[in-house]
Amino acid sequence: EAGVTQSPTHLIKTRGQQATLRCSPISGHTSVYWYQQALGLGLQFLLWYDEGEERNRGNFPPRFSGRQFPNYSSELNVNALELEDSALYLCASSPNQGQGNEKLFFGSGTQLSVL
Amino acid sequence: AQRVTQPEKLLSVFKGAPVELKCNYSYSGSPELFWYVQYSRQRLQLLLRHISRESIKGFTADLNKGETSFHLKKPFAQEEDSAMYYCALRGYSGYSTLTFGKGTMLLVSP
């Protein structure tokens, strides 16, 4: 079974540009989560999509946005990039709508570097 | 608000020694607690969850609601246990999401 796949693996942008990160969940999973893993800060929750809808959002500015497509894949868009956006962005999927104890399956991440 | 605290950034032990990775949480209701692990060059993956009351790879964790803790324990550490360990919490309110601690790096030396 294929796991959660993320692309690209690495992304280099300059300040002010836009970045688009992509995630394909495990087949059959409807929920997709995005996390930011910045150095020293651990995993910070960004966004949660399920059945095409945004279900929850972390404490990030509006320039962090995303969407989920009918095939449950997802995009994370970061506009007006700032140096502090440099981080590993992890996508995770789960099979149902966050009922409490289902586990998350993580991708390998996209390393975003903002110069 | 839900918060997870892992007070140690690094825990270094010798092979065969007992291990305890500390995790404290803050949540007003009854949370669901998890331990996730990331081995070198591998993806972050679930190790165990409190609701299952299971022992995985010799690790156990007991939810102590009085002390709001969910410490991860193993009686005899192995070198292959060296990894980054994250404690995580999910509340039961509506669309609650998984909140992670900052992680503890466990280093087991021979």
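Go through segment B:39-56 residue by residue and tally those that are closer than 22 Å to A:S94 by Cβ and either charged (D, E, K, R) or in contact with a Leu (Cβ under 6 Å, 6 or more places away or on another chain) (or both).
Total meeting the criteria: 6.
Return the total of residues in segment B:1-36 being in a strand (DSSP E or B) and in contact (Cβ under 8 Å) with a residue 60 or more places away in the chain.
Number satisfying all stated conditions: 14.
Which of the residues belonging to segment B:72-110 are charged (D, E, K, R) and open to solvent by less than 10 Å² (accessible area, probe 1.4 Å)?
Scanning segment B:72-110 gives B:D81, B:R90.
With respect to A:L76, determine if the residue is open to solvent by less than 20 Å² (accessible area, probe 1.4 Å) and over 11 Å from the mean Cα position of the chain (by Cα).
It is false that A:L76 is open to solvent by less than 20 Å² (accessible area, probe 1.4 Å) and over 11 Å from the mean Cα position of the chain (by Cα).
Step by step: first the residues of segment A:94-115, then only those that are in a strand (DSSP E or B) and at pLDDT 95 or above, then the one that is farthest from B:E54 (Cα to Cα). Which residue is that?
A:V114
What number of residues within segment B:39-58 are touching a residue at least 40 places away in the same chain (Cβ under 8 Å) and open to solvent by 50 Å² or more (accessible area, probe 1.4 Å)?
Selection size over segment B:39-58: 1.
Touching a strand residue (DSSP E or B) at 6+ places or on another chain (Cβ under 9 Å), over 15 Å from B:T97 (Cα atoms) and within 14 Å of chain B (Cβ to nearest Cβ): does that describe A:T5?
When the stated conditions are applied, A:T5 passes them.
Per-residue answers, yes or no, for (1) at pLDDT 90 or above; (2) acidic (D, E); (3) under 13 Å from the mean Cα position of the chain (by Cα):
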position: A:T9; (1), (2), (3): yes, no, yes
position: A:K13; (1), (2), (3): yes, no, no
position: A:I26; (1), (2), (3): yes, no, no
position: A:V32; (1), (2), (3): yes, no, yes
position: A:Q36; (1), (2), (3): yes, no, yes
position: A:G42; (1), (2), (3): no, no, no
position: A:F45; (1), (2), (3): yes, no, yes
position: A:R63; (1), (2), (3): yes, no, no
position: A:Q68; (1), (2), (3): yes, no, yes
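So, in segment A:30-72, exactly how many residues are more than 10 Å from chain B (Cβ to nearest Cβ), touching an Asp or Glu at 6+ places or on another chain (Cβ under 8 Å) and of a type in the set (A, V, I, L, M)?
2
Could you check segment A:1-56 and list, in sequence order, the residues that are in a loop (DSSP other than H, G, I, E, B), open to solvent by less than 70 Å² (accessible area, probe 1.4 Å) and of a type outside the set (A, V, I, L, M)?
A:G3, A:P8, A:T14, A:G16, A:P25, A:G28, A:H29, A:T30, A:G40, A:G52
Just to verify a result, which residue in segment B:37-53, among those that are among the aliphatic types (A, V, I, L, M) and not in a strand (DSSP E or B), is modelled with the lowest pLDDT?
The qualifying residue modelled with the lowest pLDDT is B:I51.
The values are calculated or read from the model by the stated rules, or taken from the named source; none is laboratory data. Here the structure is a predicted model, which is why all the values come from computation and not from measurement. Using ideal geometry, Cβ is built from the backbone for each residue, glycine included, and neighbour counts are taken over all protein chains shown. Surface areas here come from the heavy atoms of the whole protein model, side chains and all, with no ligands, DNA or RNA. Shrake-Rupley method; radii C 1.70, N 1.55, O 1.52, S 1.80 Å.
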